[in-house]
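Contents: one structure, followed by commentary.
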Amino acid sequence: MSWQTELAPELQTKIQAVDAQIAPRLTALDDQIINNQAKVLQAFQDQSISETHLNGTTGYGNDDQGRDKLEAVYSQVFGTEDALVRPQLVSGTHAIGTALLGMLRPGDDLLYLTGEPYDTLQEVIGIAGNGIGSLKEYQIGFDYVPLLADGSVDFELAKTMITAKTKVIAIQRSRGYAVRDSFTVAKIAEMVRFIKTVNPDSIIFVDNAYGEFSEVIEPTDVGVDVMAGSLIKNAGGGIAQTGGYIVGTQRLIEMIGYRLTVPGVGASEGATQGNLQLMFEGFFLAPSVTGNAIKGAIYEAALLEKMGLSVSPKWDAPRTDLIQTVNFGNPDDMVKFAGCVQAQSPIDSFVTPIPSDFAGYEDQIVMAAGTFIQGASIEFSADGPIRAPYTLYLQGGLTYAHIKLAISRAVQTTYYA
Ligand SMILES: *Cc1c(COP(=O)(O)O)cnc(C)c1O
């Protein structure tokens with residue numbers, strides 16, 4: 001018996017229509033997955049990864065050959081000179097914050113080109129939270145270029161804000177909790193060309209959260225100097241249990257390494273313990289897992305739009321990350337739908353998500369994440385700050401089958417029960 005027979009007949013008809021509508025897009029994604037898989041496989045082969053590299057170290061972690069090899073694989077895939085891929089990077093925010101704190105010095109300025117930074121980065125910068133240890137406390141200046149009304153970069157204004165003191169110019173690829181489109185690698189390339197004409201000495205940094213393998217090229221392929229992200233998002237493939245990565249030029253990665261541990265030691269220490277096998281395997285699976293999560297997002301967009309909801313991106317729009325937003329217009333429907341997502345999770349399906357305060361976030365957040373790895377948003381999850389226009393951010397999913405099943409049932413519960 002088909003899984004669909006439990007659904008309302010009208011919903012079954014809608015699902016059939018959606019299946020036909022999105023089929024060409026899913027086929028195109030299969031091609032993208034193979035291209036990215038080829039790139040990752042090539043790096044494993046060129047770096048001669050062997051079974052011994054899957055074993056970690058303890059203590060100081062000196063001469064951790066597996067860690068060095070993993071970092072070489074990341075460097076090759078992202079086209080950079082060097083990389084830090086570490087379980088000691090506790091989150092994406094930590095990876096990004098370590099990169100910024102490692103590159104900036106008192107008297108330098110940081111400029112965000114893509115509007116207000118992601119919530120947790122605002123505390124790193126010192127424009128939210130208590131300011132302790134923030135860039136601001138270290139006399140590092142900060143400003144951002146507000147986006148234009150259509151969500152694009154205001155290059156005219158940016159030209160007036162970039163000065164000789166602007167040491168780092170940051171680009172946030174994914175939308176975070178902002179209401180705007182994510183920036184494709186082509187758009188980032190345009191920003192890089194602009195920055196090079198205005199101040200070629202500025203370091204160009206990209207917050208690549210949710211971006212890895214969602215296109216066939218990455219920001220570092222178009223002139224970005226340093227890029228960072230989380231291993232419990234795309235790059236960990238749903239397998240890595242913790243960690244973050246930072247890739248970039250050798251000089252900058254050296255500076256960041258000294259911030260990650262301490263001056264003198266830098267990247268040479270850091271035991272990987274039992275993490276290497278999972279980090280290697282997760283990175284190998286990442287093109288496929290990310291591609292399937294994007295297929296799921298396309299299904300969500302098409303079906304929820306058919307249900308009369310406003311979604312972004314639309315099902316046929318270009319994608320550069322995992323994020324699918326759905327606008328509920330009021331907190332009740334938003335929280336209810338998040339509850340449906342939780343109820344369709346493999347872990348903690350019996351739990352009801354309740355909006356609450358989270359460290360690093362200014363508004364209350366509702367978070368549905370019935371995941372194998374705590375808070376892993378490469379796994380099927382939904383979250384969003386409880387603030388107008390009450391937008392739920394859906395992302396991830398380890399398999400297309402799970403996302404399709406979960407979303408179809410959530411629609412059934414919300415609109416047909
Ligand atoms: C998730 C995210 C981060 C930070 O990641 P955490 O691992 O949650 O700390 C940074 N920037 C953006 C745009 C994100 O989506």
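The values are calculated or read from the model by the stated rules, or taken from the named source; none is laboratory data. Since this is a predicted model, take the numbers as computed values, not measurements. For neighbour counting, all protein chains shown are included, and Cβ atoms are generated from backbone atoms with ideal geometry for every residue, glycine included.
Values for this structure:
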{"quantity": "Leading residue by the ranking (nearest to the ligand (Cβ to nearest atom)) among those in the range 377-391 that are surrounded by 23 or more Cβ atoms within 10 Å (Cβ to Cβ) and hydrophobic (A, V, I, L, M, F, W, C)", "calculated": "Ile378"}
{"quantity": "Number of the condition not met by Ile169 [criteria: (1) more than 15 Å from the ligand (Cβ to nearest atom); (2) in contact (Cβ under 8 Å) with a residue 24 or more places away in the chain; (3) surrounded by fewer than 23 Cβ atoms within 10 Å (Cβ to Cβ)]", "calculated": "(3)"}
{"quantity": "Residue in the range 133-147 that is away from the ligand (no atom under 16 Å from the Cβ), polar (S, T, N, Q) and part of a helix (DSSP H, G or I) present", "calculated": "no"}
{"quantity": "Any chance Asp333 is away from the ligand (no atom under 16 Å from the Cβ), out of contact with any Ser or Thr (no Cβ under 7 Å at 6 or more places or on another chain), among the acidic types (Asp, Glu) and not in a helix (DSSP H, G or I)", "calculated": "no"}
{"quantity": "Total residues in the range 59-90, condition in contact with a strand residue (DSSP E or B) (Cβ under 6 Å, 6 or more places away or on another chain) and of a type outside the set (Asp, Glu)", "calculated": "9"}
{"quantity": "Residue that is surrounded by 23 or more Cβ atoms within 10 Å (Cβ to Cβ) and away from the ligand (no atom under 12 Å from the Cβ), where the choices are Ser214, Ser152, Ser182, Ser230", "calculated": "Ser214"}
{"quantity": "Residue in the range 306-321 that is in the same structural domain as Gly396 (by TED's automatic domain parsing) and part of a helix (DSSP H, G or I) present", "calculated": "yes"}
{"quantity": "Scope the range 357-368; condition under 16 Å from Tyr393 (Cα atoms) and either aliphatic (A, V, I, L, M) or at pLDDT 95 or above (or both); matching residues", "calculated": "Ile365, Val366, Met367, Ala368"}
{"quantity": "Any chance Gly56 is surrounded by 16 or more Cβ atoms within 10 Å (Cβ to Cβ) and either assigned to a loop (DSSP other than H, G, I, E, B) or among the acidic types (Asp, Glu) (or both)", "calculated": "yes"}
{"quantity": "Subset of the range 165-212 (residues that are at pLDDT 95 or above, aromatic (Phe, Trp, Tyr) and part of a loop (DSSP other than H, G, I, E, B))", "calculated": "Phe183, Tyr210"}
{"quantity": "Candidates Ile373, Ile294, Ile298, filtered to the one that is assigned to a loop (DSSP other than H, G, I, E, B), modelled with pLDDT of 95 or more and either within 16 Å of the ligand (Cβ to nearest atom) or buried (at least 23 other Cβ atoms within 10 Å of the Cβ) (or both)", "calculated": "Ile373"}
{"quantity": "Every residue from the range 336-356 that is outside any helix (DSSP H, G or I) and in contact with a strand residue (DSSP E or B) (Cβ under 8 Å, 6 or more places away or on another chain)", "calculated": "Ser345, Pro353, Ile354, Pro355, Ser356"}
{"quantity": "Pair list, Cβ under 8 Å, 6 or more apart: the range 91-105 residue more than 12 Å from the ligand (Cβ to nearest atom), other residue charged (D, E, K, R)", "calculated": "Leu101/Arg259; Gly102/Arg259; Met103/Lys167; Leu104/Lys167; Arg105/Lys167"}
{"quantity": "Search result, residues across the range 357-370 that are within 15 Å of the ligand (Cβ to nearest atom) and among the β-branched types (Val, Ile, Thr)", "calculated": "Ile365"}
{"quantity": "For Leu260: the one exception among (1) over 17 Å from the mean Cα position of the chain (by Cα); (2) away from the ligand (no atom under 16 Å from the Cβ); (3) at pLDDT 95 or above", "calculated": "(2)"}
{"quantity": "Hits in the range 79-96 (condition: surrounded by fewer than 23 Cβ atoms within 10 Å (Cβ to Cβ) and part of a helix (DSSP H, G or I))", "calculated": "Thr93, His94"}
{"quantity": "Single condition Thr13 does not satisfy, out of (1) of a type in the set (Ser, Thr, Tyr); (2) under 30 Å from Glu305 (Cα atoms); (3) touching a residue at least 24 places away in the same chain (Cβ under 8 Å)", "calculated": "(3)"}
{"quantity": "Filtered residue count, the range 353-385, keeping only those that are of a type in the set (Val, Ile, Thr) and in contact with a Lys or Arg (Cβ under 8 Å, 6 or more places away or on another chain)", "calculated": "1"}
{"quantity": "Index of the failed condition, Lys306 passing every other in (1) among the charged types (D, E, K, R); (2) within 26 Å of Pro9 (Cβ to Cβ); (3) surrounded by 19 or more Cβ atoms within 10 Å (Cβ to Cβ)", "calculated": "(3)"}
{"quantity": "Unique match (being surrounded by fewer than 19 Cβ atoms within 10 Å (Cβ to Cβ) and of a type in the set (Phe, Trp, Tyr)) among Tyr118, Tyr144, Tyr138", "calculated": "Tyr138"}
